[in-house]
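Reading through the structure tokens given below for one structure.
The values are calculated or read from the model by the stated rules, or taken from the named source; none is laboratory data. The shown structure was predicted, so the numbers you read here are calculated from the model rather than taken from an experiment. All Cβ positions, glycine included, derive from the backbone under ideal geometry; neighbour counts span all protein chains shown.
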Amino acid sequence: MALRSTGSGGGSGTVLHLFGGPYVTVDGCRREIPEGSKRLLVLVALHRRRVERRHAAGLLWPIGSDERAAGNLRSALWRLRGAGIDLLVVDRCSLRLRADVAVDLEATSDWARRLVAGTAGPEDCTLPPSWSDALDLLPGWYDDWALVERERLRQRVLHAMEALCGRLVDVGRFGEAVEVAMAAVAVDPLRESAQRALLLAHLAEGNTVEGTRCLRSYRELLRRELGVEPTPDLATLVHASAAPRRPTPASGRQVVAG
């Protein structure tokens, strides 16, 4: 069964695309961001609030004098205007993204936040189409602020995938739960919470053999890579599922000891 994805919405309005970008679409028409302005636009967009011009200049151009950094900032803003990309509100002291500009990662981030917080609705019980892009935001960018944002979003989406797996198990959508958990495990095979989600999905469906195989593979991986064992409660889950259940006496029938 293929994992279903939520839609991405219409193409109207102005959207800053960080997944597969950065680039901008205006009413569905793509516009390229000047190379020298990309980091400035993305930095301001990720903050989603006012950013002091001095702070932005220092982050983006840390080598050299403050005057040179300020000049680079002015040049980046000039290039944006020259390209017809009017996404920022600029004054003498600060920068911010226009309120009517959408950022594509926000929909995925909000989806993940609802699942982790336990406030997700039925419409959230699918993987959004951009989930894999969210796990590797802005590949090739090594600025400290970009690395922090990449890891923050990666952790949020992985936690959401694990929560989604539990939601799918609760409503009996076991096949989808297994697929979501397997996707999370593929991203980070050493992540025990993802392995636990996969194990619980197998056991909830009654596939104790699959659960046992899953635990064995994970144990071998941990021993090989880290020289450690999984936490004992993973084995307890499998053993409890595999243990034969004693028959319950029929209602109203007296059980006499022999």
Would you mind stating whether Cys125 is touching a Lys or Arg at 6+ places or on another chain (Cβ under 6 Å), surrounded by 14 or more Cβ atoms within 10 Å (Cβ to Cβ), over 30 Å from Val51 (Cβ atoms) and not charged (D, E, K, R)? yes
Wholly inside region 165-244, helices (runs of 4 or more DSSP H) that include 1 or more residues that are modelled with pLDDT of 95 or more are 174-187, 192-204, 208-225
